[in-house]
Amino acid sequence: MSDQFLMKDGLGETAVLRIASGMQAAWPAFDVKGFEQTALRGIRDLGLKQRVNHLVSALNQHLPDDFVKTADILRRAPNNWDFGDPTDPIRSFASWPVIDYAATYGLEHPEVSLDLLKHLTHMFSAEFAIRPFILRYPELCLAAFETWVDDSNHQVRRLVSEGSRPRLPWGMRLPPYCDDPTPLIPLLTRLNNDPSDYVRRSVANSLNDISKDNPDIAVEVCQYWLRGTQATNEVSADTKWIVRHAMRSLIKSGRADVFPLLGFTANPKLELGDVKLSSSKIKLGEALAFETQIHSKSKSTQHLAIDFVIHHRKANGSLSPKVFKWKEMDLKPGQSLAISKKHAIRKINTRAYYSGQHQLDIVINGKTYRNIAFDLNCELPPDTR
């Protein structure tokens, strides 16, 4: 059973029945049969997000036209809500249209809607629903976030960091925060030692989003967090984890000043021997095997992150780099080591391969030390085409 099918199934007939039951419990006048007929009509032909929108529209046809009255009904929904089978990983999806209702029909009532989203976020997460409000009422949302970061409910605290992510997957992008994320930094800073792992992971993901458009700001924030508290200068293990997770995109891109933040040696002193390939010509489906020698020229132990980059040929003949993690290691003073790797180049759904010259780079702590060309033949034998 595919992930896509499982996702869609989370907003199928069972979810519709649960929504209807929850609405009737919150508002006895709710037309259960009418809603079910409207909601189930054509739903099987819809994708996941289409189902969300379809069910929001169905709710609107059977709830009061006055959004303030409807918000009061929705606010009572959790009181008698059927949260589903605890073993069902998508049981919370039934709550999604209930929460997204505010984003579609409550934009003219921002104060009421924000209070509603805060109240309902524990049911599914209002991270998608809150984004239209951030774009339309940025100051109002920031003022709400200032109080939510100290809320006793970790779901509300997470809504601050997750709802404001500049590049939230599946969510609408927040261009103002892609351009200038500085209003988010004080909020993330207050959450970077949150007791909830759920919140801390969201903080790391938000800062990783920021690093894609504003890498300098993201690095500066991590540097500040790693100075520790003013009282003790101690840095918690949780903050160190956040920094490592938040910097993953910059590490992958090889930004050198990020490596020291993660404990790797800045400007390592070493020599790398020539890179030797088992063959300079390989076929799609085979492995690229390579080895080299690494020698320390330092008087102290160096902590190294060794990666390799394959520059894949594109259809237009240009090269596109892809970074692969290799190993982390400590290199003692004067130590020499032989390192080797086999990397299979197989046909995958997410990449199209083209015959011709490719390039292999060896990168240590963000610095490229060696590169070598090899030829890839993507022509398949006649009997396997």
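For this structure, a couple of remarks:
- Here the relative contact order of the stretch 123-249, from alpha carbon pairs under 8 Å that lie six or more residues apart, stands at 22 percent.
- Relative contact order %, the stretch 60-180, counting alpha carbon pairs below 8 Å whose residues are six or more apart: 20
- Between the beta carbons of E379 and E271, assuming R0 = 51 Å, the FRET efficiency works out to 0.85 to the nearest 0.05.
- Helix-only mean residue ellipticity at 222 nm for the chain, each DSSP H run of n ≥ 4 adding -39500 (n - 2.57), per residue, nearest 500: -12000 deg cm²/dmol
- Residues of type aspartates and glutamates that K299 reaches as a straight line, Cα spacing below 12 Å, ignoring anything fewer than 8 places off in the same chain: none
- Exposure proxy shown here: for S355, S206, S95, the number of other Cβ atoms within 10 Å sets the order, fewest to most, as S355, S95, S206.
- Shape call, the stretch 42-105: gyration tensor on alpha carbons, a/c limit 1.5: oblate
- Cα long-axis angle, helix 237-246 against the chain (0 to 90 degrees, to the nearest 10): 80
- Computed FRET value (nearest 0.05) for M7 with Q293, which takes r as the C-beta separation and R₀ as 56 Å: 0.70
- FRET efficiency for Y224 and S318, using Cβ-Cβ distance with R0 set to 56 Å, rounded to 0.05: 0.90
- The stretch 169-240-the stretch 25-95 distance, computed between alpha-carbon centres (Å): 35
- Protection proxy ranking, peptides 44-57, 313-326, average beta carbon neighbours within 10 Å, highest first: 44-57, 313-326
- A simple packing score, the average count of other Cβ atoms within 10 Å per residue, orders the peptides 239-247, 191-199 as 239-247, 191-199, with the highest score first.
- Cβ-based exposure ranking for K8, K252, in which fewest neighbours within 10 Å come first: K252, K8
- Kirkwood hydrodynamic radius over Cα pairs of the stretch 270-384, then Stokes diffusion coefficient at 37 °C and 0.692 mPa s, in µm²/s: 215
- Between helix 67-76 and the chain: long-axis angle, C-alpha atoms, 0 to 90°, nearest 10: 70
- Counting only lysines at least 8 places from K69 when in the same chain, those with an alpha carbon closer than 29 Å to its own are K33, K49, K118.
- Cα-Cα over 19 Å, subset of K283/K314; K252/K325; K8/K347; K283/K347: K8/K347
- Cleavage-rule hits (trypsin sites (Lys or Arg not before Pro)) in the stretch 154-221: DSSP loop, at most 14 neighbouring Cβ within 10 angstrom: R173
- Exposure rule at most 15 other beta-carbon atoms within 10 Å, DSSP loop GluC sites (Glu not before Pro): the chain longest free segment: 235-378
- Sorted by Cβ neighbour density within 10 Å, fewest at the top, the residues C178, C222: C178, C222
- Residues in the stretch 113-127 carry Karplus couplings, in order, of 5, 5, 5, 5, 5, 4, 6, 9, 4, 5, 6, 8, 2, 8, 4 Hz; the curve used is 6.51 cos²θ - 1.76 cosθ + 1.60 with θ = phi - 60°, and Gly or Pro positions show x.
- This structure gives percent of Cα pairs over 36 Å apart, computed directly, and of (i) 16; (ii) 43; (iii) 22 that value is listed as (ii).
Coordinate-derived values only; no laboratory data. In this text the structure is predicted, and so the values were computed from the model without any measurement. No Cβ is skipped: glycine too gets one built from the backbone with ideal geometry, and neighbour counts run over all protein chains shown.
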